[in-house]
Amino acid sequence: MSGSNGVEKMVIIGSGPAGWTAAIYGARANLAPLAIIGVPAANPAPVLPGGQLMLTTEVENYPGFPHGVSGPDMMALFQQQAERFGTRISHADVMRCDFTQRPFALETSEGETVRAHSVVIATGATANWVGLPNELRLAMNGGGVSACAVCDGALPAYRDQEVAVVGGGDTAMEEASYLTKFASKVYVIHRRDSFRASKTMQSRVLDNPKAVPVWNSVVVDVVGENFIEAIVLENVVTKELSTLPVKGLFIAIGHSPATKFLQGAGIEFDEKGYVLLRNRSSHTNIEGVFAAGDVADSAYRQAITASGMGCQAAMDAERWLAERGIH
């Protein structure tokens with residue numbers, strides 16, 4: 001059910017807060033958007049339609065949910081709202097994009113070629129995990145393993161408890177510093193004998209009495225049946241194993257934007273590999289191609305900011321289409 005001549009007016013690639021918000025705005029503008037939402041995968045961590053929120057048990061910082069809401073429930077509500085206004089859904093992955101021709105051509109994992117006048121890229125970014133089976137299991141089940149301290153660190157489960165952060169860069173320092181507001185002690189696990197974060201960010205952690213660096217160490221196991229109880233560490237110098245009791249584990253070793261399908265498509269990326277946007281808008285370097293959410297945001301990575309960017313992308317796309325007489 002595409003537009004005239006089999007060409008979609010607006011195709012949205014992705015299904016997190018940015019993608020669904022773009023779909024809501026696009027649908028309400030009578031653009032009959034097609035959302036290509038992807039299929040579940042493991043990479044090695046779970047990658048699910050709905051994005052990182054599908055791994056978040058409780059969301060307490062999104063306006064309008066005073067008592068909190070689970071990430072999957074929130075994404076289900078977003079989807080329902082988008083479908084209510086006429087968004088159509090394709091359960092497929094986009095494998096390759098050809099932005100050299102107009103209308104654009106998107107090849108999907110179903111062997112189809114979708115043609116579109118405008119495209120919103122909202123594929124997000126996946127957290128880099130250590131890759132341990134118990135780590136991923138507990139992350140999936142809300143068992144005290146997270147890749148976002150700002151999202152989860154203020155939850156009651158971590159208050160006045162001892163927790164651990166894995167990482168040594170600016171993100172890890174930011175996460176650890178944030179957690180010291182709530183936890184009784186924050187261990188910062190790093191595989192080297194010094195952090196690689198900026199000196200300013202390091203000082204926030206090293207000068208905080210609640211933060212305890214654990215040098216030359218890596219996490220080799222996560223202990224706990226339904227909720228984390230401890231982590232097993234290996235000293236990379238001595239190879240000695242030790243067990244550290246904690247009530248929370250926060251992985252802060254970076255994110256990877258989901259842009260593999262864009263390689264060779266002519267889209268410009270920033271120095272971190274995220275889609276490069278123009279002048280605080282959603283415009284990419286290719287006319288008619290827009291981006292929103294974590295795929296183009298390495299700084300905030302929050303549901304609320306992704307939703308705002310999704311709104312921008314849909315409005316930018318609508319205006320761009322209208323200027324070309326496509327309604």
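Values computed for the structure shown
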item	result
Given (1) in a helix (DSSP H, G or I); (2) at pLDDT below 95; (3) crowded, with 19+ Cβ neighbours inside 10 Å, index of the condition Thr21 fails	(2)
Exclusive hit being modelled with pLDDT under 95 and crowded, with 17+ Cβ neighbours inside 10 Å, set His283, His255, His190	His255
Test for Val218: is it touching a strand residue (DSSP E or B) at 6+ places or on another chain (Cβ under 7 Å), outside the structural domain of Gly51 (by TED's automatic domain parsing), more than 30 Å from Ser109 (Cα to Cα) and at pLDDT 95 or above	yes
Strands (runs of 3 or more DSSP E) lying entirely in segment 69-167 (those with 1 or more residues that are over 16 Å from the mean Cα position of the chain (by Cα) and either modelled with pLDDT of 95 or more or not assigned by TED's automatic domain parsing to the domain that holds Gln52 (or both))	88-90, 94-98, 104-108, 113-121, 162-166
Which listed residue is under 19 Å from Ala125 (Cβ atoms) and crowded, with 18+ Cβ neighbours inside 10 Å, from Tyr300, Tyr274	Tyr274
Hits in segment 69-101 - residues which are among the β-branched types (Val, Ile, Thr) and surrounded by fewer than 16 Cβ atoms within 10 Å (Cβ to Cβ)	Thr100
Filter pass, Val165 being touching a Phe, Trp or Tyr at 6+ places or on another chain (Cβ under 7 Å), in contact (Cβ under 8 Å) with a residue 40 or more places away in the chain and not aromatic (Phe, Trp, Tyr)	yes
Subset of segment 182-202 that is more than 21 Å from Ala154 (Cβ to Cβ), part of a loop (DSSP other than H, G, I, E, B) and of a type outside the set (S, T, N, Q) - its residue that is farthest from the chain's Cα centre (by Cα)	Asp193
Tabulated pairs, segment 226-255, first in contact (Cβ under 8 Å) with a residue 60 or more places away in the chain and under 15 Å from Val214 (Cβ atoms), second of a type in the set (Asp, Glu) and in a loop (DSSP other than H, G, I, E, B), C-beta under 7 angstrom, 6+ apart or interchain	Pro245/Glu229
Members of segment 48-68 that are surrounded by fewer than 21 Cβ atoms within 10 Å (Cβ to Cβ) and either on the phi > 0 side of the Ramachandran plot or part of a helix (DSSP H, G or I) (or both)	Met54, Gly64, Gly68
Count of residues meeting criterion [free of Cβ contacts under 8 Å to residues at least 60 places away in the same chain, surrounded by fewer than 21 Cβ atoms within 10 Å (Cβ to Cβ) and not charged (D, E, K, R)] in segment 309-327	2
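The values are calculated or read from the model by the stated rules, or taken from the named source; none is laboratory data. Here the structure is a predicted model, which is why all the values come from computation and not from measurement. Cβ sites come from the backbone with ideal geometry, for glycine too, and all protein chains shown count toward neighbours.
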